[in-house]
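The values are calculated or read from the model by the stated rules, or taken from the named source; none is laboratory data. Computed from a predicted model, the values in this text were never measured in an experiment. Every residue, glycine as well, gets a Cβ built from its backbone with ideal geometry; the counts of neighbours run over all protein chains shown.
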Amino acid sequence: MENRVRRRHPVRNRLLASAAALVLLTGGASWWALDRFVVPHVEISDVASYEAANGAGNAVPTDPDAAAQVDATSYTAGSTGVTISTVTTGSGDSTVTYYVADVTLSDATQLRSAFADNSFGENVVETTSGIAEDNGAIFAINGDYYGFRDDGIEIRNGVAYRDDGARQGLAFYRDGTARVYDETATTAAELVADGVWNTLSFGPAILEDGSIPAGIESTEVDTNFGNHSIQGNQPRTAVGIIDTNHLVFVVVDGRSPGYSAGVTLTGLAEIMQGLGAETAYNLDGGGSSTMYFDGDVVNDPLGTGDEREISDILYIAG
């Protein structure tokens with residue numbers, strides 16, 4: 001695998017400068033947008049200490065297309081196994097390239113979450129590779145970009161950070177199982193008491209009991225301006241559950257004709273079905289879709305060589 005780690009880029013500074021200029025031109029409405037979607041609002045400045053004080057624990061895929069080309073790289077440390085496969089299907093402008101991480105854990109708490117800059121809050125961002133390196137990750141994917149919004153249930157590494165149910169979430173339990181749930185029907189405290197280790201708040205679920213739910217192509221994750229729909233052929237990130245402590249992660253590149261066109265949510269669900277997942281959940285996609293493994297960014301976000309700065313990752317320590 002070639003060395004293609006993308007180092008951090010000053011995206012945040014460029015956004016702040018551009019947004020500040022816009023504010024000078026258009027006034028109050030732009031200041032609201034700048035404050036809401038760009039300016040960092042740190043709620044917890046030392047996540048590692050916060051989790052330590054609040055009880056955080058220490059803690060070969062099936063080819064879905066017979067004509068696909070697959071390249072694989074493996075890593076095994078102790079009782080954790082990670083196999084990364086690169087899959088290419090189709091041809092010409094219909095080519096799709098995606099990356100599969102088949103992960104077997106001995107303990108569910110080996111799957112951890114980390115926040116950008118070791119801080120929790122809105123608009124606190126860092127690249128996937130940067131967060132991964134900060135936390136000694138051997139493997140990581142982008143998370144749900146919780147910092148873009150101020151709602152949802154966010155439990156990370158056994159600690160509740162946000163309790164404002166808004167959508168369909170995914171809960172990982174300490175016993176190695178995971179389930180899709182309605183955030184509005186429970187609370188973060190109840191979930192922690194029931195043994196939830198991590199939650200994700202994005203969606204939708206693209207597989208339930210091995211089947212593709214109806215209506216996923218019309219799902220809106222957020223209702224705020226500029227982020228209503230996630231339809232069409234797009235870069236994608238998803239996590240699937242094959243069995244207890246047996247997970248599969250998929251990152252699909254897109255918006256790069258001739259290399260990878262991206263997939264619809266239904267196409268993503270079909271990939272997950274072919275990999276044997278019973279439950280699968282869509283995560284933040286587009287330019288956020290990033291997979292990191294053993295010091296490299298494995299995929300090619302948007303075909304540009306640049307990572308988007310995001311708020312959080314799921315990872316496995318080396």
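Which of the following residues is in contact with a helix residue (DSSP H, G or I) (Cβ under 6 Å, 6 or more places away or on another chain), modelled with pLDDT of 95 or more and of a type in the set (Gly, Ala, Ser): ALA160, ALA205?
Details: ALA205 fails: in contact with a helix residue (DSSP H, G or I) (Cβ under 6 Å, 6 or more places away or on another chain).
So the residue among ALA160, ALA205 that is in contact with a helix residue (DSSP H, G or I) (Cβ under 6 Å, 6 or more places away or on another chain), modelled with pLDDT of 95 or more and of a type in the set (Gly, Ala, Ser) is ALA160.
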Checklist entry - GLY176 is checked against (1) touching a helix residue (DSSP H, G or I) at 6+ places or on another chain (Cβ under 6 Å); (2) at pLDDT 95 or above; (3) closer than 23 Å to PHE148 by Cα; (4) not aliphatic (A, V, I, L, M) and fails just one. What number does that condition carry? => result (3)
Next on the checklist: For GLY169, only one of the following conditions fails: (1) crowded, with 24+ Cβ neighbours inside 10 Å; (2) over 26 Å from HIS246 (Cα atoms); (3) touching a helix residue (DSSP H, G or I) at 6+ places or on another chain (Cβ under 7 Å). What is its number?
Outcome noted: (2)
Checklist outcome for this item: The correct count of residues that are within 15 Å of ALA317 (Cβ to Cβ) and either acidic (Asp, Glu) or touching a helix residue (DSSP H, G or I) at 6+ places or on another chain (Cβ under 8 Å) (or both) in the range 86-112 is 1
Checklist outcome for this item: the range 74-168: strands (runs of 3 or more DSSP E) wholly inside it with 1 or more residues that are under 16 Å from ILE44 (Cβ atoms) and either out of contact with any Cys (no Cβ under 8 Å at 6 or more places or on another chain) or aliphatic (A, V, I, L, M) (or both) are 112-115, 120-122, 152-156, 159-164
Item to check | Residue that is under 23 Å from GLU154 (Cα atoms), surrounded by fewer than 20 Cβ atoms within 10 Å (Cβ to Cβ), of a type outside the set (Asp, Glu) and at pLDDT 95 or above, where the choices are THR279, THR290, THR244, THR264 | outcome: THR244
Checklist entry - Among (1) among the basic types (Lys, Arg); (2) within 30 Å of SER30 (Cβ to Cβ); (3) surrounded by 22 or more Cβ atoms within 10 Å (Cβ to Cβ), which single condition is ARG255 missing? => result (3)
Checklist entry - If we keep just the residues of the range 209-232 that are farther than 20 Å from GLY143 by Cα and touching a Ser or Thr at 6+ places or on another chain (Cβ under 9 Å), which is modelled with the lowest pLDDT? => result SER218
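Name the residues in the range 293-312 that are of a type outside the set (Asp, Glu), within 23 Å of ILE155 (Cα to Cα) and not in a loop (DSSP other than H, G, I, E, B), would you?
First, the residues of the range 293-312 that are of a type outside the set (Asp, Glu): 293, 295, 297-299, 301-305, 308, 310-311.
Within this subset, residues satisfying the condition of being within 23 Å of ILE155 (Cα to Cα) are 310-311.
Hit for the range 293-312 is ILE310, nothing else.
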Next on the checklist: Given the options TYR173, TYR181, TYR145, name the one that is within 24 Å of LEU207 (Cα to Cα) and out of contact with any Ser or Thr (no Cβ under 9 Å at 6 or more places or on another chain).
Outcome noted: TYR173
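Can you pull out the strands (runs of 3 or more DSSP E) entirely within the range 170-262 that have at least 3 residues that are closer than 17 Å to SER113 by Cα? So that I can check it myself, show each step before the final result.
Details: elements: 178-182, 196-200, 205-207, 236-243, 246-252.
Ranges flagged: 196-200, 236-243, 246-252.
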